[in-house]
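Contents: one structure, followed by commentary.
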Amino acid sequence: MILILTPNIEPESNRYKQLMAHLARLQDIQLRVHREQGAEQTLTEIYLIGHTSSIPLEEMKGLPGVERVVRVSEEYRVLGRHRDDHRPSHFDYQGLRFGQDTLHVFAGLCAVDTREHVDLMMKALRDLGQVCTRMGAYKPRTSPYSFQGHGKNCLSYVFELAGKYGIKVIAMEVTHESHIDEIHEALSRTGDPTGVMLQIGTRNTQNFELLKIVGRQKQFPVLLKRGFGITLTESLHAAEYLASEGNHKVIFGLRGIKTNMGDPHRNFVDFAHVPVVKRLTRMPVCVDPSHAVGSRTRGPEGILDLLHATAQGVIAGANMILVDFHPASNRALVDGPQALLLEELPHFLADVQIAREAFEKRTALAARYAPELQTAVA
Ligand code: PEP
Ligand code: MN
């Protein structure tokens with residue numbers, strides 16, 4: 001059960017103290033308080049954990065400071081959608097809104113290799129009005145002999161260049177807690193020129209200790225990739241680990257799953273699950289067509305499979321696209337064969353725009369034919 005308190009309630013206020021005193025008397029119920037400092041107000045939610053089914057909803061609604069009460073089903077308590085649940089399905093970061101109703105493109109380098117390539121990439125993004133990117137510094141590789149990423153050594157120039165080109169958010173994978181400290185230090189050292197979205201890759205989706213650590217920090221939002229060899233339910237539970245530790249700014253990333261049924265793509269494209277994740281949870285959903293498709297093959301009409309997959313995700317309502325680009329993909333140290341070229345960025349963005357407009361038209365059509373079936377996305 002979740003008690004949503006009146007906005008801006010002060011922990012020192014009488015109402016709050018009375019409420020907490022009452023809740024403390026509930027038998028075998030644990031309390032977890034979550035406070036979220038938004039741009040305009042502070043929201044407080046109290047999670048009641050234990051056998052809450054015998055607690056009457058009306059009694060809780062009548063307590064001082066309580067605005068609303070949500071009875072949650074067992075699954076995905078924090079991030080899930082529950083009956084009569086009007087909690088938001090968006091968050092703000094770096095002046096941008098990330099929600100189930102928005103769309104952001106994170107085009108960039110799978111792995112940072114040279115300063116020059118970062119510069120060229122970010123300049124191309126800036127020239128096309130983009131404010132987000134992906135930059136891999138810590139690369140989890142199948143072989144220990146493959147390039148592992150420049151790690152902390154590249155962070156200063158990546159962040160400085162982001163500042164120079166007006167990039168507001170960089171999606172960057174971390175594989176160890178020390179990476180969060182290194183990112184933190186490099187941002188401070190360079191004067192906080194940009195923001196970072198911590199990415200948890202498919203190989204770490206169920207690295208529960210890493211999830212807990214990343215969930216305990218609230219400075220950076222998190223992009224959690226679906227595990228490539230586990231069920232969707234298991235991956236959604238992994239996202240809940242982040243939220244249960246306190247970080248609710250979580251985006252769920254689809255990136256294809258491992259099975260040879262998807263051949264000849266690198267992974268089986270699972271973007272039909274975009275609306276499923278949006279229905280089950282309040283998380284914005286990202287699609288990663290690069291790691292799903294894994295090549296630059298194209299259909300007979302001349303459209304790259306990668307663009308087709310992107311469009312499939314966007315037309316189904318995806319909120320974020322994580323996509324590999326490289327100024328000289330034949331020299332990329334990681335995943336060159338699936339990278340798009342900078343010259344292809346205008347085409348890519350225009351194609352995304354078509355798919356997004358089609359999604360908006362489809363949503364309007366659905367509202368016309370079956371308005372009572374629409375779930376408010378706020
Ligand atoms: C990546 O985005 O660079 C990456 C390694 O993705 P995934 O974890 O989905 O393989
Ligand atoms: Mn990659």
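What percentage of the solvent-accessible surface of the chain, computed with a 1.4 Å probe over protein heavy atoms, is contributed by carbon and sulfur atoms? Mind showing how you got there, number by number?
Numbers: 8880 of 17140 Å².
The computed percentage sits at 52.
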> Which percent of Cα pairs goes in each bin when the distances of region 1-54 are cut into 5 angstrom slices starting at zero?
Replying inline: 4, 19, 29, 24, 14, 8, 2, 0
>> Cut-off 10 angstrom, C-alpha nodes, Gaussian network model of the chain. Which of Leu340, Leu365, Leu242 fluctuates the most?
In response: Leu365
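Over region 210-256, what lengths in whole Å, largest first, do the semi-axes of the equivalent ellipsoid take, defined as the square roots of 5 times the eigenvalues of the alpha-carbon gyration tensor?
On the way: eigenvalues 70, 21, 12 Å².
With the √(5λ) rule applied to region 210-256, the semi-axes are 19, 10, 8 Å.
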>> What's the whole-number percent of alpha carbon pairs in region 158-223 lying beyond 17 angstrom?
In response: 38 percent
>> Test of the criteria: in region 4-52, which GluC sites (Glu not before Pro) are in a DSSP loop and have at most 13 other Cβ atoms within 10 angstrom of their Cβ?
In response: Glu12, Glu40
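Determine Rg/Rh for region 190-316; Rg is computed over alpha-carbon atoms and Rh is the Kirkwood hydrodynamic estimate from the same atoms. Please list the in-between numbers first.
Values: Rg = 15.5 Å, Rh = 15.3 Å.
Dividing the radius of gyration by the Kirkwood radius yields 1.01.
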>> For region 23-139, give me the percentage of DSSP beta bridges that are antiparallel, rounded to the nearest 5 percent.
In response: 95 percent
>> Show log10 I(q)/I(0) for region 11-95 at q = 0.19 Å⁻¹, two decimals, from a solvent-free Debye sum over equal Cα scatterers.
In response: -1.00
> Bin by bin, in steps of 10 Å, what percent of the Cα pairs in region 258-313 do you find, going until the bin that has the longest distance?
Replying inline: 24, 48, 23, 4
> Size of the dipole of region 180-255 about the Cα centre, Lys and Arg at +1 and Asp and Glu at -1 on the beta carbon, nothing else charged, in debye to 20?
Replying inline: 220 debye
> When you take every Cα atom in region 23-145, what is the radius of gyration, and what is Dmax, the widest Cα pair distance, in Å?
Replying inline: 21.9, 62
> Once phi is turned into ³J(HN,Hα) by the Karplus curve 6.51 cos²θ - 1.76 cosθ + 1.60 with θ = phi - 60°, what whole-Hz value does each residue of region 323-334 show in order, with x for glycine and proline?
Replying inline: 9, 7, 10, 7, x, 9, 5, 5, 10, 5, 8, 9
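Can you work out the accessible area per residue across the chain, with the rest of the protein chains kept in place, probe 1.4 Å, in square angstrom?
Working: 17140 Å² over 378 residues.
Accessible area per residue: 45 Å².
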>> Kirkwood hydrodynamic radius, computed over distinct alpha-carbon pairs, for region 84-136: how many Å, to one decimal?
In response: 12.9 Å
> How big is Rg to Rh over region 293-378, alpha-carbon atoms, Rh as the Kirkwood inverse-mean-distance radius?
Replying inline: 1.10
> Considering only DSSP beta bridges whose two residues both sit in the chain, what percent are antiparallel, to the nearest 5?
Replying inline: 45 percent
> Using the eigenvalues of the Cα gyration tensor, what equivalent ellipsoid semi-axes result for region 98-221 when each is taken as the square root of five times the eigenvalue, whole Å, largest first?
Replying inline: 22, 17, 15
> Using the Kirkwood radius built from alpha carbon pairs, what does the Stokes-Einstein equation give as D for region 123-181 at 10 °C and 1.306 mPa s, in µm² per second?
Replying inline: 126 µm²/s
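Over all directions, the average projected area of the alpha-carbon convex hull for the chain comes to how many nm²?
On the way: hull surface 81.7 nm².
Computing the convex hull of the Cα atoms and averaging its projections yields 20.4 nm².
I'd like the antiparallel share, as a percent to the nearest 5, of DSSP beta bridges with both residues in region 219-295.
Values: 1 of 8 bridges.
Roughly 10 percent of the DSSP beta bridges within region 219-295 come out antiparallel.
Put Glu173, Glu209, Glu372, Glu245 in order of accessible area, largest first, 1.4 Å probe: what do you get? Show your work: numbers first, answer last.
On the way: Glu173 20, Glu209 110, Glu372 140, Glu245 60 Å².
Per-residue accessible area, sorted high to low, gives Glu372, Glu209, Glu245, Glu173.
The values are calculated or read from the model by the stated rules, or taken from the named source; none is laboratory data. None of these values were measured; they are calculated from a predicted model. Cβ: placed from backbone, ideal geometry, glycine included. Neighbour counts: every protein chain shown. Calculation scope for accessible area: heavy atoms of the full protein, side chains included, ligands and nucleic acids excluded. Shrake-Rupley method; radii C 1.70, N 1.55, O 1.52, S 1.80 Å.
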